[in-house]
Amino acid sequence: MSFGKSVVHARKQKSLAKCHTLHIESQSVRTVYGPVAMQTPVLVLNASYEPINICGARRALVLVLKGVATTEEERNFSLHAARINLPMPSVIRLLEYRRIPHQTRALSRKNILLRDRNTCQYCGIVLAAGELTLDHVIPRSRGGQSTWENLVACCHACNRKKGNSMLHELVDLQLQREPRPFSLHTSRHIMRMIGSSDARWKKYLFY
């Protein structure tokens, strides 16, 4: 690594270390934003401008500072730390094309709730993530596996009502939709849902 590149690399590392104490200055009001601001959703585009993911603002800033991505759309306030003054990104784009597998989501509680849009798949009520549980459509006690096709978001009331029963044994409890693996279609829908309040995302999500 040349001397010039070493200096640039050292500066970037120093800047990354200061990201934890970034101060955000609104265009109209000076204030200090905490961890919530650093979790603001940011749309991630591939080098081809294809939307591929959503990450938190902190992660987006790290990618920009490391030279892995560039900011395509900015929010209306900036992040200040030491000698750095960066606009809060709303959309970033990777500078090198990444091949994205068809299935990029791990099977987890968080991703099941994302797929099911925080909606109980039996009664249709929408709740906060902490107020939902996961239900095995075919109970584990009756041979059900923990798979995309057998796990659904469920409210506690419906979970108690279903118990260890099979759906065909119940009259007043049925699935609203067939559970499927997390797909590109599901991922795009979630991106649109999360970005519905940010007009800057629309042209990338084909509204």
Q. Taking interchain pairs and intrachain pairs at least six residues apart, which have beta carbon atoms under 7 angstrom, with the first residue in region 116-136 and assigned to a loop (DSSP other than H, G, I, E, B) and surrounded by 13 or more Cβ atoms within 10 Å (Cβ to Cβ) and the second modelled with pLDDT under 95 and of a type in the set (D, E, K, R)?
A. GLN121/ARG177
Q: Go through (1) modelled with pLDDT under 95; (2) among the aromatic types (Phe, Trp, Tyr); (3) closer than 30 Å to LEU170 by Cα one by one and return the number of the condition PHE77 breaks.
A: (3)
(Q) Tell me yes or no: at least one residue of region 169-177 is surrounded by fewer than 11 Cβ atoms within 10 Å (Cβ to Cβ) and of a type in the set (A, V, I, L, M, F, W, C). (A) yes
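On the given criteria, is LEU113 within 30 Å of THR71 (Cα to Cα), among the hydrophobic types (A, V, I, L, M, F, W, C), touching a residue at least 12 places away in the same chain (Cβ under 8 Å) and surrounded by 12 or more Cβ atoms within 10 Å (Cβ to Cβ)?
Numbers: within 30 Å of THR71 (Cα to Cα): yes; among the hydrophobic types (A, V, I, L, M, F, W, C): yes; touching a residue at least 12 places away in the same chain (Cβ under 8 Å): yes; surrounded by 12 or more Cβ atoms within 10 Å (Cβ to Cβ): yes.
Here the answer is yes, as LEU113 does meet what is asked.
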Q) Across region 162-199, what is the number of residues that are under 17 Å from the mean Cα position of the chain (by Cα) and either assigned to a helix (DSSP H, G or I) or within 24 Å of MET88 (Cα to Cα) (or both)? A) 15
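Return the total of residues in region 43-52 being surrounded by fewer than 17 Cβ atoms within 10 Å (Cβ to Cβ) and in contact with a strand residue (DSSP E or B) (Cβ under 6 Å, 6 or more places away or on another chain).
The number of residues fulfilling the criteria is 2.
The values are calculated or read from the model by the stated rules, or taken from the named source; none is laboratory data. Note that this is a predicted model, so its numbers are computed, not measured. Because the Cβ atoms are built from the backbone with ideal geometry, glycine has one as well, and the counts that use them run over all protein chains shown.
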